[in-house]
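Enquirer: There's a structure below that I have some questions on.
FYI, it's all coordinate maths here, none of it is from the lab. Small disclaimer: the values here were computed from a predicted structure and weren't measured. Don't worry about glycine lacking a Cβ; one is built from the backbone with ideal geometry, like all the others, and counts go over all protein chains shown.
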Amino acid sequence: MLGQLDVPLFGADRPARLVFVGENLEAARRELRADSGLFLRWIALHESTHVIQFERVPWLVEHLRKSISALIEGAAEEVRAASLGGLGRRLLGDPRELVEALLRGELARAIALPEQGELLDRIQATMATVEGHAEHVMDVCARKSDPALDALRGRLDERRARRGGLSELLGRLVGVELKLRQYELGKAFFDTIAADGGAELVRLPWRSEADLPTLPELERPRAWLERVGTASAAA
């Protein structure tokens with residue numbers, strides 16, 4: 001983790017905190033052979049976009065809070081109703097499917113009830129939208145401020161692609177692979193709609209919960225445009 005906007009979804013009410021991990025930032029900067037000031041500005045663009053998202057989109061925190069609460073409550077109900085023995089039988093019912101889910105970083109999906117799949121999809125789609133938008137914005141802003149950042153993006157993508165062996169396996173098991181997929185899927189979505197309609201289309205997903213893309217729509221941005229584009233633009 002290089003940086004993170006710590007948003008209080010549960011517990012005591014407090015302001016969100018923007019956190020940067022100095023040692024990780026320096027290690028990544030050295031690996032990418034990046035100028036220190038340039039690299040830090042680039043990462044700050046990503047995290048600052050999250051600040052704007054959560055401060056300027058009034059429904060976003062509550063949307064995530066409700067979705068995650070429903071998922072937690074459903075998981076608690078499953079444990080109470082089925083017992084650990086029953087849960088173990090579900091997990092071992094199809095070992096191949098379980099292992100494949102784990103290797104995709106989908107531990108939550110592996111242990112969720114079938115009816116929770118839609119809820120997991122909704123959470124994953126929301127986070128891919130949040131992360132992909134920040135990736136898109138950081139690159140658009142960076143290109144305007146310093147062309148050297150295009151080369152930095154290329155080196156970062158190469159670094160992600162080189163992950164393999166034990167580090168890749170561990171990453172998948174703890175969900176890192178799923179996090180990287182959110183970056184890639186969400187960024188490709190925003191890059192596509194920006195190319196089609198510029199900043200106006202980039203703002204549309206933030207109008208309401210109903211305007212958020214679904215997981216299938218993230219992979220097919222023009223299907224999302226067919227659903228919400230005309231109606232949202234006219235609103």
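Enquirer: Spelling out what I want: for every residue of region 194-210, take phi, set θ = phi - 60°, compute 6.51 cos²θ - 1.76 cosθ + 1.60 (Karplus), and round to whole Hz; glycine and proline get x.
Expert: Using θ = phi - 60°, the values come out as 5, 5, 7, x, x, 4, 4, 6, 4, 7, 4, x, 8, 5, 6, 4, 5 Hz.
Enquirer: A further question on this structure: What does the charge count near P58 come to, summing +1 for each Lys or Arg and -1 for each Asp or Glu among other residues with Cβ under 12 Å from its Cβ?
Expert: -1
Enquirer: Give me the net charge of A134's neighbourhood, meaning all other residues with Cβ under 11 Å from the Cβ of A134; Lys, Arg count +1, Asp, Glu -1.
Expert: Details: positive: K187; negative: E47, E131, E135, D139.
With Lys, Arg at +1 and Asp, Glu at -1, the net is -3.
Enquirer: Starting from the Cα of R30, move 7 Å in the Cα-to-Cβ direction to define the label point; list residues of region 1-23 whose amide nitrogen is under 17 Å from there.
Expert: What the label zone holds, given the 17 Å backbone N cut-off, is 1-2, 21-23.
Enquirer: Taking θ = phi - 60°, what integer Hz values does the Karplus form 6.51 cos²θ - 1.76 cosθ + 1.60 yield along region 22-28, in sequence order, with x for Gly and Pro?
Expert: x, 5, 5, 4, 5, 5, 5
Enquirer: Where does the charge balance sit around F10 when Lys and Arg score +1, Asp and Glu -1, over other residues with C-beta under 13 Å from its C-beta?
Expert: On the way: positive: R14, R65, K66; negative: D6, D13, E62, E73.
Overall, the nearby charge balance is -1.
Enquirer: Another question, if that's okay. If packing is taken as the mean number of other Cβ atoms within 10 Å per residue, what is the order of 202-213, 122-133, highest first? Walk me through the intermediate numbers first.
Expert: Numbers: 202-213: 18.1, 122-133: 21.6.
Going by the mean number of other Cβ atoms within 10 Å, highest first, we get 122-133, 202-213.
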